[in-house]
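The values are calculated or read from the model by the stated rules, or taken from the named source; none is laboratory data. Just so it is clear, the model here is predicted, and its values are computed rather than measured. Methodologically, a virtual Cβ is constructed for each residue, glycine included, from the backbone with ideal geometry; neighbour enumeration extends over all protein chains shown. For the accessible areas, the whole protein counts, side chains as well, though only heavy atoms, and no ligand, DNA or RNA atoms are used. Shrake-Rupley method; radii C 1.70, N 1.55, O 1.52, S 1.80 Å.
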Amino acid sequence: GERLSVCSLSLPSELVQALVAASPLHSRFELATVSSRLSAKHAIASGIVDACSSLTGTIAALPIPLADIVPITGIQLLMIGSIAYLSGREMTFKSAGEFAVAASLNLGAGFAVRQVVRSTVRLVPVAGPLASVSLTTAGTYALGRAAMAYFLD
């Protein structure tokens, strides 16, 4: 890997950022969690949001209607919890509720509308499944960015 020269770094925050960037993938999350460097937390959180968005979009592409509700919702909740943990906050029902209110989300209604729309557009050949994947990917991405704004910013 890349060699890290502490002598070339002028600020402690640069050292933390360099350590996070040079660390093995499995260590980056914990290093960013204990860091006070917001850019390190944002970089890790963005990776989480991108990965979860891709994963939920892939699951939405499966041709099994309604079977994707549980895994997609679970991934989205795990994404929000990971971002909350990254910020130093514990993910509890109280903090989840605060996030839902702060993000102006009515989770029950939003979930129901999303599932009805996705199930309906799947009936349209070719374009339907593509729209379903797009809606799921975009919805997960927007939810992740909202969690980043709430918990990190």
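Here are some notes:
- Residue 51 being touching a helix residue (DSSP H, G or I) at 6+ places or on another chain (Cβ under 6 Å) and not in a loop (DSSP other than H, G, I, E, B): no
- The single condition among (1) open to solvent by less than 60 Å² (accessible area, probe 1.4 Å); (2) at pLDDT below 85 that residue 49 does not meet is (2).
- Meets criteria (surrounded by 13 or more Cβ atoms within 10 Å (Cβ to Cβ), among the small types (Gly, Ala, Ser), modelled with pLDDT of 85 or more and within 28 Å of residue 20 (Cα to Cα)) for residue 146: yes
- Residues in region 61-76 that are at pLDDT below 85 and either surrounded by 14 or more Cβ atoms within 10 Å (Cβ to Cβ) or not in a helix (DSSP H, G or I) (or both): 61, 62, 63, 64, 65, 66, 67, 68, 69, 73.
- Residues satisfying the stated conditions in region 14-60, i.e. within 22 Å of residue 89 (Cβ to Cβ), without any contact (Cβ under 8 Å) to a residue 24 or more places away in the chain and of a type in the set (Gly, Ala, Ser): 27, 35, 36, 39, 43, 47, 51
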